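The values are calculated or read from the model by the stated rules, or taken from the named source; none is laboratory data. For clarity, every value in this text was computed on a predicted model and none was experimentally measured. Reconstructed Cβ throughout: ideal geometry from the backbone, glycine too, with neighbour counts over all protein chains shown. Each accessible area value is taken on the protein alone, full model and side chains, heavy atoms only, with ligands, DNA and RNA left out. Shrake-Rupley method; radii C 1.70, N 1.55, O 1.52, S 1.80 Å.
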Amino acid sequence: TQLLEQSPQFLSIQEGENLTVYCNSSSVFSSLQWYRQEPGEGPVLLVTVVTGGEVKKLKRLTFQFGDARKDSSLHITAAQPGDTGLYLCAGVNLQGGSEKLVFGKGTKLTVNP
Amino acid sequence: EAQVTQNPRYLITVTGKKLTVTCSQNMNHEYMSWYRQDPGLGLRQIYYSMNVEVTDKGDVPEGYKVSRKEKRNFPLILESPSPNQTSLYFCASSFDWAGGVYNEQFFGPGTRLTVL
């Protein structure tokens with residue numbers, strides 16, 4: 001059973017479009033992180049959200065942590081080809097009995113020029 | 001430059017031939033971890049270490065060993081590699097882990113391992 005479900009799995013859009021990707025769970029997380037991974041490289045942290053309902057903005061990227069700390073979303077405004085990559089969410093599960101960082105399977109985003 | 005380095009970047013080997021993938025970080029981080037990344041399965045944690053001489057199993061530890069004799073190094077050892085260990089491996093480190101909130105994890109560039 002995947003603790004963190006990401007959707008969609010794949011997303012291909014045109015430059016200038018907006019998009020939202022989701023990271024959902026039935027479990028509560030003490031924090032959630034979003035990473036972006038480009039081909040041939042390791043993931044790079046974009047943001048960490050800690051408080052339920054928290055919203056963080058990073059230029060055209062908006063991250064939200066659900067009120068119940070069970071889900072998160074990433075919204076990209078006016079996507080650009082440079083946004084292409086694999087977006088991963090990761091969280092520390094409070095109910096799992098052991099506090100490990102777990103990753104979702106990722107959303108592979110392609111932004112076409 | 002602050003970084004996590006892994007060696008080798010690419011490795012093709014045969015079943016049963018022991019190998020070690022090295023990982024080193026120059027950021028004085030206490031927490032280090034190994035992951036494998038497979039299509040359709042995402043990133044899965046193999047082992048992690050909270051500090052020197054402290055290691056613990058992740059989600060998929062079978063067939064792997066680690067050691068943490070020094071703060072900066074965290075090698076991954078495959079005593080008898082098998083084809084199902086063919087994967088992309090990442091080492092990561094972070095400054096600390098406090099109360100359920102992970103600090104930023106810095107990932108190495110990855111090691112692509114093929115076991116024939």
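Brief remarks on what is shown
- Using a Förster distance of 35 Å, the FRET efficiency for B:Lys57-A:Lys56 (Cβ separation, nearest 0.05): 0.60
- Mean Cα-pair separation over length for chain B, i.e. relative contact order, pairs under 8 Å, 6 or more apart, %: 35 percent
- Rg and Dmax of the protein assembly as shown, based on Cα coordinates, read 17.6, 51 Å.
- Cα→Cβ-extended label distance, 7 Å offset, between A:Asn24 and B:Leu41, nm: 2.6 nm
- Evaluated at q = 0.15 Å⁻¹, the base-10 log of the normalised Debye intensity for chain A, with identical point scatterers placed on the Cα atoms, takes the values -0.59.
- All lysines inside 18 Å of B:Lys69 as judged from Cα atoms, apart from same-chain residues fewer than 8 positions distant: B:Lys57
- Cα-based radius of gyration for chain B, normalised by 2.2 N^0.38 Å, reads 1.00.
- Relative contact order (%) - criterion: Cα under 8 Å, at least six apart; region: region A:1-84: 32 percent
- Peptide packing: for B:75-86, B:5-16, A:61-72, B:27-38, the average count of neighbouring Cβ atoms within 10 Å per residue gives the ranking B:27-38, A:61-72, B:75-86, B:5-16, highest mean first.
- Virtual spin-label span in nm between B:Leu88 and A:Thr110, 7 Å along Cα→Cβ: 1.5 nm
- GluC sites (Glu not before Pro) lying in DSSP loop within region A:1-34, provided at most 16 other Cβ fall within 10 Å: A:Glu15, A:Glu17
- Rounded percent of accessible protein surface that carbon and sulfur make up, chain B, 1.4 Å probe: 52 percent
- Pairwise FRET efficiency - A:Phe10 versus B:Tyr10, Cβ, R0 = 30 Å, nearest 0.05: 0.70
- Region A:35-113 versus region A:1-34: alpha-carbon centroid distance in Å: 7 Å
- Subset of B:Lys18/B:Lys71; A:Lys57/A:Lys100; A:Lys105/B:Lys17; B:Lys17/B:Lys65 violating a 22 Å alpha-carbon distance limit: B:Lys18/B:Lys71; A:Lys57/A:Lys100; A:Lys105/B:Lys17
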